[in-house]
Amino acid sequence: MKFGFSVKGGEFMGDCIFCKIVAGEIPSKKIYEDDKVLAFYDISPEAPVHFLVVPKEHIVSANDITEENCSIVSHIFLVINKIVRDLNISENGYRIVNNCGTDGGQTVNHIHFHVLGARELKWPPG
Ligand code: AMP
Ligand code: ZN
């Protein structure tokens, strides 16, 4: 097992749920994986389709996106584009959500993008 100690980010954080899912130490219902990202179904779905896409690298939140690591964000959007077509929700539409920090409602401090679909979603969020 690898441990990272950087506050802002690093390869692996020993106490992070999503790092443990990436490492296979906590099971998940995987949808897609490559060398940079993992997509898996949310354990507590808010829509008929609700999955998360996370970078394998531990990045805490949107606040920690930098010139050096920002390419992961476009990669995640490309991966989402592929998955939503595979799951047949691309035509009806879907929502991509990133919660950042306390006021944003972030509960897991490893950046992730929610993708919700297969039902009509209300706006604005609460
Ligand atoms: P957020 O509130 O934006 O930080 O989202 C965290 C999400 O992670 C929530 O929707 C949780 O349901 C989800 N979650 C927490 N633990 C797990 C897990 N072990 N497997 C899948 N999803 C999880
Ligand atoms: Zn992590």
Answer residue from the range 74-87, given it is surrounded by fewer than 16 Cβ atoms within 10 Å (Cβ to Cβ) and under 14 Å from the mean Cα position of the chain (by Cα) and is farthest from LYS30 (Cα to Cα) among those: SER74
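Evaluate the range 103-111: report whether one residue or more is of a type outside the set (Lys, Arg) and over 23 Å from MET13 (Cα atoms).
The initial filter retains those residues of the range 103-111 that are of a type outside the set (Lys, Arg), namely 103-111.
With the extra rule that they be over 23 Å from MET13 (Cα atoms), the set shrinks to 103.
Yes, the range 103-111 contains a residue that is of a type outside the set (Lys, Arg) and over 23 Å from MET13 (Cα atoms).
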Subset of the range 44-58 that is part of a loop (DSSP other than H, G, I, E, B) and away from ligand 2 (no atom under 16 Å from the Cβ) - its residue that is surrounded by the most Cβ atoms within 10 Å (Cβ to Cβ): ALA47
Contacts under 6 angstrom Cβ, first residue in the range 103-122 being more than 12 Å from ALA62 (Cβ to Cβ), partner among the charged types (D, E, K, R) and outside any loop (DSSP other than H, G, I, E, B), 6 or more apart: LEU116/ARG95; LEU121/ARG95
Qualifying residue in the range 93-102 (condition: more than 16 Å from ligand 2 (Cβ to nearest atom) and among the hydrophobic types (A, V, I, L, M, F, W, C)): yes
Scan of the range 61-85 for residues that are of a type in the set (D, E, K, R) and touching a residue at least 24 places away in the same chain (Cβ under 8 Å), ordered by number: ASP64, LYS82
Residue in the range 26-37 that is farthest from ligand 2 (Cβ to nearest atom), counting only those that are open to solvent by less than 90 Å² (accessible area, probe 1.4 Å) and free of Cβ contacts under 8 Å to residues at least 24 places away in the same chain: GLU33
Lone unmet requirement of (1) over 16 Å from LYS36 (Cα atoms); (2) more than 10 Å from the chain's Cα centre (by Cα); (3) of a type outside the set (Lys, Arg) for HIS114: (2)
Scan of the range 59-74 for residues that are in a helix (DSSP H, G or I) and closer than 21 Å to ASP15 by Cα, ordered by number: ALA62, ASN63, ASP64
Of the criteria (1) under 15 Å from the mean Cα position of the chain (by Cα); (2) in a loop (DSSP other than H, G, I, E, B); (3) of a type outside the set (A, V, I, L, M), which one SER90 fails: (1)
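The values are calculated or read from the model by the stated rules, or taken from the named source; none is laboratory data. Small disclaimer: the values here were computed from a predicted structure and weren't measured. Glycine also receives a Cβ, built like all others from the backbone with ideal geometry; neighbour counts cover every protein chain displayed. For accessibility, only protein heavy atoms count, side chains too; no ligands or nucleic acids. Shrake-Rupley method; radii C 1.70, N 1.55, O 1.52, S 1.80 Å.
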